[in-house]
Amino acid sequence: MRRALVATLLLAVTTSPARAAWTGEPGHGLAITTVTLARANDRFDTDSHRQPATGSLKIEIAPWLEYGLAPGLLAVAQPTWTKIEAGHDDEGMNKLFLGLRQALVTEGEDVLSIQPGLTLPLSRGARATALGNDRLVGELRLMWGHGFQLPTPFTEEPLPGFLVVEAAPRVTEGGDDTEMEANATLGLTIPDGTMVLLQAINQWRVGEASPAYRKHQIQPSVVFPLWEGISFQAGVTWVFDGASMPAETGAIAAFWLRF
């Protein structure tokens, strides 16, 4: 989901970043194929203390697809394949996210949107549990985007930038496990068209019945334009704090195709 923060922003680097960030253009789309490689030799316990753990390696391939259906309305989908090596190997199709994004308010450089979505598990039994997605998850995501121009002493023209913030309650099938997610992305586009991004991802469980779980992650990256409609993204990812989860560090690489 965090790729939704910047997916359509790349479509707007020559216009209003926030205005086009959320719903794109009707009849146009974007496909992003991302590969994530993350390793962890430690784990955050339920009290958020970092403890040595069995080493693990996670590989994920996640194509993000979005398409403008109508003015202010965008359909999104993301299947994910995962492989986890941690004592024994588990791999397979993990989950499928489906969402529909609707712009609520557009004023100047600001956009407010809402996105209901479903995450469907694609594996069964022990494999689904090992890959971390064994139940249906529903969410309602509120998104705000703001575009701005940043003057610098190094360029004649100000640099176009954007800030996007989102918040979402996520409820699992059965209603006994509720999670909150709050993310933010800051981006700047330099004169050659390269986009520099800094993302912050925060997740935590709520409710007395839920076991302790938190995840705080940062992900800086750079998106390089290659040819018309094609870009390449490279970056790193770091889970710097949390509870009941691996302390992962890793790298991401992605190809972006606009159509």
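Run the numbers on the stretch 2-258 and let me know its relative contact order in percent, using alpha-carbon pairs under 8 Å that are six or more apart. Here the relative contact order equals 18 percent.
Compute the signed sum of charges (Lys and Arg +1, Asp and Glu -1) over the other residues within less than 15 Å, Cβ to Cβ, of F224. Summing Lys and Arg as +1 and Asp and Glu as -1 gives -1. Applying 1/(1 + (r/R0)^6) with r as the Cβ-Cβ distance of F154 and D42 and R0 = 35 angstrom yields a FRET efficiency of 0.30. With the largest listed first and rounded to whole Å, the semi-axes of the equivalent ellipsoid of the chain from the Cα gyration tensor are 31, 21, 18. A helix-only calculation puts the chain at -1000 deg cm²/dmol for mean residue ellipticity at 222 nm, using -39500 (n - 2.57) for each DSSP H run of at least four residues, averaged over all residues.
Indicate the gyration tensor shape class of the stretch 210-259 (rounded, prolate or oblate), computed on the Cα atoms with a ≥ b ≥ c the square roots of the eigenvalues: a/c under 1.5 is rounded; otherwise a/b larger than b/c is prolate and the rest oblate. Prolate, since a/c reaches 1.5 and a/b exceeds b/c.
Read the figures in this text as sums done on the coordinates, not as results from a lab. Just so it is clear, the structure is predicted and the values come from calculations on it, not from any experiment. Positions of Cβ are generated from backbone atoms using ideal geometry, with glycine treated the same way; all protein chains shown enter the neighbour counts.
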